[in-house]
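The values are calculated or read from the model by the stated rules, or taken from the named source; none is laboratory data. Note that the coordinates shown come from a computational prediction; the quantities given were computed from them, not determined experimentally. Here the Cβ is made from the backbone with ideal geometry for all residues, glycine too, and neighbour counts use every protein chain on show. Heads up: the accessible areas ignore ligands, DNA and RNA and are worked out on the full protein's heavy atoms, side chains in. Shrake-Rupley method; radii C 1.70, N 1.55, O 1.52, S 1.80 Å.
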Amino acid sequence: GVILTQNGNSVKIIDRVKSLFKLSQGEYLAPDKIQLILINSKYINQIFIHGESHHSYAVALVYPELNECISFLKDNKKMGEINYDKIKYNDLCGNKIMEDEIAKDCNIVGRHFDLKGFEIPKKIRIISEGFTPQNNLMTSTLKMKLKEIRAKYKDVLKELYQEKL
């Protein structure tokens, strides 16, 4: 939490300590808050924010809104002359054009909701499977299982940090 002295010494709860993480410059991020804001992007169905203390930025795993992504790619024939109506989630995984567009939209949405620059993920990776209780990435009360998501996508998260900004 944060102590607010301007409002008569009140306390504002930010997030559970377990889910906060610290970036290399000493800033703490509350991924739940960021996820709630960035879910407003038209391209995002589900989002998982991840950060590490030896990096100065956060990254994100995104399960996309397929129809919005197809519409964006189709509008400017971003993938050439293909049948856009047959695009599936797997086709979007690793698609740099779509990942860049989602990152750009996250920046716009984040700024609109007053997120600071270090709170907005710098890199996005599209994943083909959503977080559900059936795949053990979400509880029965629909809360993300952070440990399980990190374990399943540890190679992807490592890869995101190895790529140049």
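Averaged per residue, the chain has 59 square angstrom of accessible surface, using a 1.4 angstrom probe with ligands and nucleic acids left out.
When the Kirkwood radius is taken over all Cα pairs of the range 109-165, what Stokes-Einstein diffusion coefficient follows at 25 °C and 0.890 mPa s, in µm²/s?
184 µm²/s
Counting heavy atoms of the protein chains alone, Ser53 has an accessible area of about 80 Å² for a 1.4 Å probe. In terms of accessible area, using a 1.4 Å probe and ignoring ligands and nucleic acids, Leu66, Leu61 rank largest first as Leu66, Leu61. Annotation: the antiparallel percentage among DSSP beta bridges lying fully within the range 9-138 is about 70. Here the ratio of the Cα radius of gyration of the chain to 2.2 N^0.38 Å is 1.11. For Arg111, the solvent-accessible surface computed with a 1.4 Å probe is close to 130 Å², ligands and nucleic acids excluded. Taking every alpha-carbon pair in the range 39-117 and binning the separations at 10 Å intervals from zero gives 16, 49, 26, 9, 0 percent.
Normalised by the number of residues in the chain, the mean separation of alpha-carbon contacts (under 8 Å, six or more apart) gives a relative contact order of 19 percent. In the chain, the DSSP-assigned H stretches of four residues or longer account for a calculated mean residue ellipticity at 222 nm of -9500 deg cm²/dmol, using -39500 (n - 2.57) per stretch and the full residue count as denominator. Expressed as a whole percent, the accessible surface of the chain that belongs to carbon and sulfur atoms is 50, based on a 1.4 Å probe.
So what is the relative contact order for the range 101-165, in percent, with contacts set as C-alpha pairs under 8 Å and at least six apart?
After rounding, I find 23 percent.
Heavy-atom accessible area, probed at 1.4 angstrom with all protein chains present, ranks Glu163, Glu81 as Glu81, Glu163, highest first. Rounded to the nearest 10 degrees, the angle from helix 96-112 to the longest Cα principal axis of the chain is 40 degrees. Evaluated with a Cβ-only charge set (Lys, Arg +1; Asp, Glu -1), the chain carries a dipole of roughly 420 debye about its Cα centre, given to the nearest 20.
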